[in-house]
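Taking it in order: structure first as structure tokens, then the write-up.
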Amino acid sequence: MTRKLIALNLALLAALGALAFEVRREWREARARERAVLGSRLRLTPAPPLAPLPKPAPLTAAAYAPVAEKNLFSKDRNANVILDPPVTPPPKPVPPFPAARGVMLWEGVPPSVVLSEKPGGAQHIYHPGDTIGPWQIVSVDNQYVVLEWDGQQFQKRLDELLDKTPIAVAQAEAPPAAAAPTPAPAPARQLSTKSSGPGDDVGAGLKSCVPGDTTPPGTVADGMRKVIRQTPFGSPCYWEPVQ
């Protein structure tokens, strides 16, 4: 038993000696590397030369135009002047429409309409193409009158243009002396004094009926035939040439 312990102790001593030797060897190599590194001289590498800076362009006034354009407080910051749009003049006011008293539509005769420039004014017979005041008559039928002004056409119903000024009011405002028995007025003596037959010429080859004429429609006299039409505005009476 004692021999085995001695042999084991000797083996441990041998192992410890080998470990110490190996540690010392490693230490000596590390010191040798350290001395080699510290004793060596570094090789200096020269720095590359600096590239020359680009030469600045010469100063010009035009190069500073963006400075003025981006300055909100500069009056000339925008070279493109924006002009105000032209002011459109207001449209002309449409003049008053003429007043209508009636329409006459006969076969073979241009349509006729009785108009006055203003309500209660003098009445005249007009045909398509005629002019009354600023208006020109384009067409006439039993319901509408087409009027033109300043290149614009207006289609108006006859009942819209109807002159609603009562005739009785104008007669009531006549002076009382007119009711007294007086000689026949001069205009009446200038008109036809016939009690029947064709009266005065009213245009378009037609003649009016004499007031108080009781001859029936279709009567022929002096080459004219009596005609009475039924319209929404009354029963106009006239004489037309016999064809």
Notebook entry, point to check: Just wondering, is there one or more residues in the stretch 144-162 that are touching a strand residue (DSSP E or B) at 6+ places or on another chain (Cβ under 8 Å), surrounded by 15 or more Cβ atoms within 10 Å (Cβ to Cβ) and in a loop (DSSP other than H, G, I, E, B)?
Noted result: no
Notebook entry, point to check: Does the stretch 215-239 hold any residues that are outside any strand (DSSP E or B), out of contact with any strand residue (DSSP E or B) (no Cβ under 7 Å at 6 or more places or on another chain) and either at positive phi or at pLDDT 80 or above (or both), and which are they?
Noted result: Pro216
Check: Is it the case that some residue within the stretch 161-184 is modelled with pLDDT of 80 or more and either hydrophobic (A, V, I, L, M, F, W, C) or within 44 Å of the chain's Cα centre (by Cα) (or both)?
Finding: yes
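The values are calculated or read from the model by the stated rules, or taken from the named source; none is laboratory data. Predicted, not measured: the structure shown is a model, and the values here were computed from it. Heads up, the Cβs are rebuilt from the backbone with ideal geometry, glycines too, and the neighbour counts pull from every protein chain shown.
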